[in-house]
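Asker: The structure follows.
The values are calculated or read from the model by the stated rules, or taken from the named source; none is laboratory data. As the structure is a computational prediction, the values presented were derived from the model and not from experiment. Cβ: placed from backbone, ideal geometry, glycine included. Neighbour counts: every protein chain shown. In case anyone asks, the SASA skips ligands and DNA or RNA and just uses the protein heavy atoms, side chains included. Shrake-Rupley method; radii C 1.70, N 1.55, O 1.52, S 1.80 Å.
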Amino acid sequence: MSNISLPWKSILDCVIWEKLMKHSGSCICGQYKFETELDPMLIIQCNCTKCRKLSGSYQIGCLYSVSEIEETGQTASYSFEGGSGYMNTVHFCTQCHVRCKTNPAPEVMEGIVGIPLGIFDTAKELSPKAEIWTSEKLPFLKTDDCIVESFEDSGIVERLTALLETLESR
């Protein structure tokens, strides 16, 4: 009887663990994966030219403290100067080259990581509340009802204020 219960126990442990994780996701090949127990502190749609070139469209980033994300897999990185004038670092899966995360400039958002909404398994449950760089937004893109704030530039002060307010409530 104990031989039968052990495999079921480990399966149940896996199911219970998966239910504890609020969000998880991966690149398209599954080599890079992440998990977190928390909702993002902030979800932002960026319309800047550089994000458009990196993603092929606009970018929707889900912001977390680095310590709130558990990651596995290898990434390659590329650093570029963002619209703020500071250096940002993006990470791509070494196998399928999907954008997996962005580390915003430490001068602006030290300890923060942006996970692209598109790699979340729960992407349909999340939506951006703010958009930045509307001055560079493609003219045919319309603002969805989910967006409550729009900024012509990077909106750094407003984003930092929102992040600090969220951090206080975690």
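Asker: Mind checking the full-extension length gain between Glu68 and Arg170? Use 0.36 nm per residue of separation minus the Cα-Cα distance, one decimal, nm.
Answerer: Details: separation 102, 0.36 × 102 = 36.72 nm, distance 1.07 nm.
Additional length available on full extension: 35.7 nm.
Asker: Still on this structure: Place +1 on the Cβ of every Lys and Arg and -1 on the Cβ of every Asp and Glu in segment 90-145, take the dipole about the Cα centre, and give the residue among Val108, Thr94, Thr143 whose Cα lies farthest towards its positive end.
Answerer: Thr94
Asker: Scan around Ser150 for amide H atoms under 5 Å from its own, H built in the peptide plane at 1.01 Å from N, and keep only partners 5 or more places away or cross-chain.
Answerer: Glu131
Asker: Another one. State the percentage of accessible surface on segment 34-143 attributable to carbon and sulfur atoms; use a 1.4 Å probe and exclude ligands, DNA and RNA. Working shown, then result.
Answerer: On the way: 2750 of 5470 Å².
Of the solvent-accessible surface of segment 34-143, carbon and sulfur hold 50 percent.
Asker: For Val157 and Tyr86, calculate 0.36 nm times their separation in residues minus their Cα-Cα distance, and state this gained length in nm to one decimal. List each step's numbers first, then the result.
Answerer: Numbers: separation 71, 0.36 × 71 = 25.56 nm, distance 1.45 nm.
This chain segment gains 24.1 nm when fully extended.
Asker: Could you run the Karplus curve 6.51 cos²θ - 1.76 cosθ + 1.60 with θ = phi - 60° over segment 107-117 and give me ³J(HN,Hα) per residue in whole Hz, x for Gly and Pro?
Answerer: Values per residue, Gly and Pro as x: 5, 9, 9, 4, x, 10, 10, x, 9, x, 3 Hz.
Asker: Could you derive backbone 3J(HN,Hα) for segment 60-68 from the dihedral phi with the Karplus parameters 6.51, -1.76 and 1.60 (θ = phi - 60°), listing whole Hz in sequence and x where the residue is Gly or Pro?
Answerer: 10, x, 9, 8, 9, 6, 3, 6, 8
Asker: Now, a different point. When ligands, DNA and RNA are left out and all protein chains stay put, how many square angstrom of accessible area per residue does segment 51-91 have with a 1.4 Å probe?
Answerer: Values: 2200 Å² over 41 residues.
That works out to 54 Å² per residue.
Asker: Further, regarding this structure: Tell me which residues come under 5 Å, amide H to amide H, from Val98 once H is placed; ignore anything under 5 positions away on its chain.
Answerer: For Val98, whose amide H was placed from the backbone, the distant partners under 5 Å are Ile28, Cys93.
Asker: Stretch Gln95-Glu37 to full length: gain in nm at 0.36 nm per residue minus the Cα-Cα span? Display every interim value, and only then the final one.
Answerer: Details: separation 58, 0.36 × 58 = 20.88 nm, distance 2.64 nm.
Net length gain for the segment: 18.2 nm.
Asker: Tally Lys/Arg at +1 and Asp/Glu at -1 over every other residue whose Cβ is under 11 Å from the Cβ of Val66; what's the total? Walk me through the numbers before you get to the answer.
Answerer: Working: positive: Lys101; negative: Glu68, Glu70, Glu71, Glu110.
After counting each charged neighbour, the total is -3.
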